[in-house]
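The values are calculated or read from the model by the stated rules, or taken from the named source; none is laboratory data. The structure displayed is predicted, hence computed values, not measured ones. FYI the Cβ positions are ideal-geometry reconstructions off the backbone, even for glycines, and counts take in every protein chain you see.
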Amino acid sequence: MTTPSTIGGLRQKLSFTNISAIYILIAVLVVFSLWIPNRFLQIGVWRSLLDAESLTSLVALSALIPLVCGALNLAIGTQVGFAAILSAVFLANAKLPIAIQFPLVIIIGAAIGLIIGLLITRVRIDPIIATLGMSSVLLAGMSWVSNSHQILFATDQPDFTKIATTPIFGITIPVFILIAVALVTWFVMERTPVGRRMYAAGYNPESARLAGVNVARLQIGSLVAGGAIAGLAGLLLTSRLNAGDPTVGPSFLLPALTAVFLGSTQFKGGRFNVWGTIISLYVLAVGIKGLQLAGMPSWVNDLFYGLALLFAVGLSRWERSGKRLGAVRRVTTFRSKSKGD
Amino acid sequence: MSTLLRIDSVVKTFPGLTALDKVSLSVDSGEILAVIGHNGSGKSTLVKILAGVYLKDAGQVTLSSSAEHGEEVTEMHFIHQDLALIPELTALENLYLAKGTLAPNDVAAERARARELIGRFGNVFNVDIPVKRLSPGQRAIVAIARALDGWEHPRNVIVLDEPTESLHKSEVDALFQAVRQLAADGAGVIFISHRLDEVLELADRVAVLRDGVKVADEPTASLDHGRLVELITGSSETERAVAERTVSAGAPMLAVTGLRGGGIEHLDLTLRAGEIVGIAGVLGSGREALPTLLFGATPSLADAFELVGRPYDHRFPEESIRRGMAYVPADRVRLGSVREFTARENMTLPELRSLRTRTGSINAAQEREEASRLIDEFQVRPPRREQRFGAFSGGNQQKIMFAKWLRNKPSVLLLEEPTQGVDIGAKAAIYEAVEAAAAAGAAVLVCSSDAKELLRLCQRVIVLRDGVQAEELSGESLTEHHLVLSGYGLKDMEGTA
Ligand SMILES: Nc1ncnc2c1ncn2[C@@H]1O[C@H](COP(=O)(O)OP(=O)(O)OP(=O)(O)O)[C@@H](O)[C@H]1O
Ligand SMILES: [Mg+2]
């Protein structure tokens, strides 16, 4: 009847189910260090990994924020793609200066989030359907604006590409941006009243409402914030590629959502959370990088993401599965054909 | 009589806690066994082990084998404390969820059967709307009807975990009649309740659990109310005698005229500071709708609505809380809590403003301290601030929900079934807390299906019938007898008892 001892608490914190990603990371590191040491243990590999995944992490955060409030956003990939195309179009076709183009894309990103939020809360369309529909609309918009071609802007704004590629102390700017966004998101979600209400709204909207939580406003707000971050990710993507590419954005959806769900199995016992998401993403990336360096074909990426998601989430449900089975049994009548149970 | 179910030395532990410690029980055919004990004593855990929801750590559960009854196989039927209904499905679908195979349902026959089963408990309600839109009492009836139906032979075991908590007296009577009939036909019954009068009325034998240990197992004939309390608490302290109430009601805190919406047709109501007002009425009388209307959780119209002396026309929960209203709903699982949150997070959710530091974050130390104080004050057991809400026993969940709303020192307190599922000791504590809140100047509204509760707490009771005020009882006219009759619109034949 006392609170768990600190040793028990520590053991719980370090248990495999709580931080499986860290254990998997260690295993992956050991395996590849032994298997392909001279290709895997290169500083360049790690730098490019850090840089490349910083964008995916931003996208994952922009999916995480509304998901905490109960809105699964399937449009996140096309939101990023649309922002990326707009970034290039504004520079190449509209000849806007970066000082206007940059905030404009973020504002448009936020506005797309607002539209999705209104569809979900005011028109009352289920989040999955609303974002699926929006995703298709944005895909069409991207093709229309770009004619399904890359948009080059290097002659108009040669400086824009420096934003994502200039290193500071050997680390590129998107990594710093990610750290800043992650810190703010973490602070708001886990330290402030707003964050507490967001989780409540996601878990049980009806009782959250009765406890004075404005669920609709939180969902809209979270989709706007997520949309703005998606806009930012789109800008950085175009800056890094030195072109607006309509095919890249949508491919972020799978890794981003995988990381978010994987992340929910980490640290917080089933709660979606910032650090779990980012760490999961990098663990996946390290694994895939290793496989690529070992000469595996590229479809191994998708296989790896899929298996990792199924494995990790399945694992975290394992201990709860007794209850799940029980829920099924409870509604069906328990019959005993033989002695005992 | 042959034994239908035997439980031998069953042990169940949760991390850091033994919920059941070598508990043995048996139920004979035709017998009604009551299992009682304080909140968290392990009653529901035992039920869940029988149902296969939890796996036991040790021990043996034996159902009588088919050999003893020819081809008959003893089944177990359950009414769980949380009812185990699927909220999105209709009452009809819930009733026939586990029945049948691929053969198409005969919906017309099922509906007729459902209406007949439900009709036993009073008015038949719509069986084709999702269960989540039914009132708690109606939902309990659906769960009961499901457990009563589809028996292939009478010699089964039926387990009822606090089935009466949200039922009105007449519905309880109907349930008891049905249960007695089942037992007479040869079923074994396990009945769990905190209402000791019901236990004494219904059971043949009473088993008492205390902190997971069986401390008594005796025929009801040898027991009385006082003895039961002694067995449950382990001391001979009885319920506190009702103090004479000389409350002088103060200024009106809530005044509404012409309220309508939900199940309410037309109602004028004034709640004054320091006053505890009861709302009685059968299912469908508007009793269940009233608090949600006042709180602004369901839309309503009113000719005039004043809260703490100020007009309040655009009503919604967030604003109601800001203006000092608190609402403890009857449905603690769906409406009253976030199961994934800890006790602490649940208790502070409605009012986080006062915990804010200058940087905008929640003051974690202050929050922990407040939560610990509330857990202490409301005797939450086990006193684990950081335990998930869902892992507390039913009665302790109720205490947490109460703590959550009294923490804000509300000026208008709306209570629905405030003591459902709580044991004798905690009930007294909750009553005292409600009275303390009233003494501190809150106006309290208590909607309850339990007439004794209304008598214990309230200075006056408004009886609702068909969405309007049928009667107001106070002083001499406020008796249990009168209250029950009034709910049905019956004339008082014998005069006030
Ligand atoms: N899933 C769980 N995880 C951890 N502890 C649990 C869990 N379920 C129940 N408990 C604990 O086991 C003990 C027994 O709980 P149980 O629900 O059986 O009590 P109960 O006798 O039914 O009480 P009540 O009258 O309040 O319904 C309690 O202390 C409770 O906190
Ligand atoms: Mg219980």
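Examine the range A:280-298 for a residue that is free of Cβ contacts under 8 Å to residues at least 60 places away in the same chain, touching a Ser or Thr at 6+ places or on another chain (Cβ under 8 Å) and over 30 Å from A:I85 (Cβ atoms), and state whether such a residue exists. Write out each step before concluding.
Initial filter on the range A:280-298 (free of Cβ contacts under 8 Å to residues at least 60 places away in the same chain): A:284, A:288, A:291-292, A:295-298.
This time we only want the ones that are touching a Ser or Thr at 6+ places or on another chain (Cβ under 8 Å), so: A:284, A:292.
Next cut, over 30 Å from A:I85 (Cβ atoms) only: none.
No, the range A:280-298 contains no residue that is free of Cβ contacts under 8 Å to residues at least 60 places away in the same chain, touching a Ser or Thr at 6+ places or on another chain (Cβ under 8 Å) and over 30 Å from A:I85 (Cβ atoms).
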Those strands (runs of 3 or more DSSP E) lying entirely in the range B:228-346 with at least 1 residues surrounded by 14 or more Cβ atoms within 10 Å (Cβ to Cβ), modelled with pLDDT of 85 or more and hydroxyl-bearing (S, T, Y):
B:252-261, B:264-272, B:325-328
Total residues in the range B:11-50, condition away from ligand 1 (no atom under 12 Å from the Cβ), more than 25 Å from B:A184 (Cβ to Cβ) and either of a type in the set (G, A, S) or surrounded by 23 or more Cβ atoms within 10 Å (Cβ to Cβ) (or both)
1
If the Cβ limit is 9 Å and pairs must be 6+ apart or interchain, which residue in the range B:376-405 that is in contact (Cβ under 8 Å) with a residue 40 or more places away in the chain pairs with which residue that is within 14 Å of ligand 2 (Cβ to nearest atom) and among the acidic types (D, E)?
B:G394/B:D82; B:G394/B:D161; B:G394/B:E162; B:G394/B:E165; B:G395/B:E162; B:G395/B:D423
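Every residue, every condition in (1) at positive phi; (2) within 16 Å of ligand 1 (Cβ to nearest atom), yes or no:
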site	(1), (2)
B:R388	no, yes
B:K409	yes, no
B:A429	no, yes
B:A436	no, no
Conditions (1) within 30 Å of A:G269 (Cα to Cα); (2) within 16 Å of ligand 1 (Cβ to nearest atom); (3) without any contact (Cβ under 8 Å) to a residue 40 or more places away in the chain; (4) buried (at least 20 other Cβ atoms within 10 Å of the Cβ); number of the one not met by B:T419
(1)
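Pick from the range B:171-192 the residues that are away from ligand 2 (no atom under 16 Å from the Cβ) and within 14 Å of chain A (Cβ to nearest Cβ): which of them is surrounded by the most Cβ atoms within 10 Å (Cβ to Cβ)?
Of the residues in the range B:171-192, the ones away from ligand 2 (no atom under 16 Å from the Cβ) are B:171-189.
Going one step further and asking which of them are within 14 Å of chain A (Cβ to nearest Cβ), we end up with B:187-188.
Details: B:A187: 25, B:G188: 28.
Within the range B:171-192, the match that is surrounded by the most Cβ atoms within 10 Å (Cβ to Cβ) is B:G188.
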Test: B:F378 is outside the structural domain of B:I279 (by TED's automatic domain parsing), within 22 Å of B:V277 (Cα to Cα) and either of a type in the set (V, I, T) or more than 16 Å from ligand 2 (Cβ to nearest atom) (or both)
no
Being buried (at least 18 other Cβ atoms within 10 Å of the Cβ), of a type in the set (G, A, S) and away from ligand 2 (no atom under 16 Å from the Cβ): is that true of B:A145 here?
yes
If a residue has to be of a type in the set (S, T, N, Q), more than 8 Å from every other protein chain (Cβ to nearest Cβ) and without any contact (Cβ under 8 Å) to a residue 40 or more places away in the chain to count, how many in the range B:336-367 make the cut?
5
Is there a residue being modelled with pLDDT of 95 or more, more than 24 Å from B:V333 (Cβ to Cβ) and more than 10 Å from every other protein chain (Cβ to nearest Cβ) anywhere in the range A:203-220?
yes
Does the range B:305-315 contain any residue that is within 18 Å of B:P410 (Cα to Cα), away from chain A (no Cβ under 14 Å) and charged (D, E, K, R)?
yes
Within the range B:388-415, which residues are farther than 18 Å from A:S207 by Cβ and either within 16 Å of ligand 2 (Cβ to nearest atom) or polar (S, T, N, Q) (or both)?
B:S393, B:G395, B:S411
For the structure I just gave you, tell me whether B:G30 is away from ligand 2 (no atom under 16 Å from the Cβ) and in a loop (DSSP other than H, G, I, E, B).
yes
Helices (runs of 4 or more DSSP H) completely within the range B:111-209 that count 3 or more residues being β-branched (V, I, T) and at negative phi
B:136-148
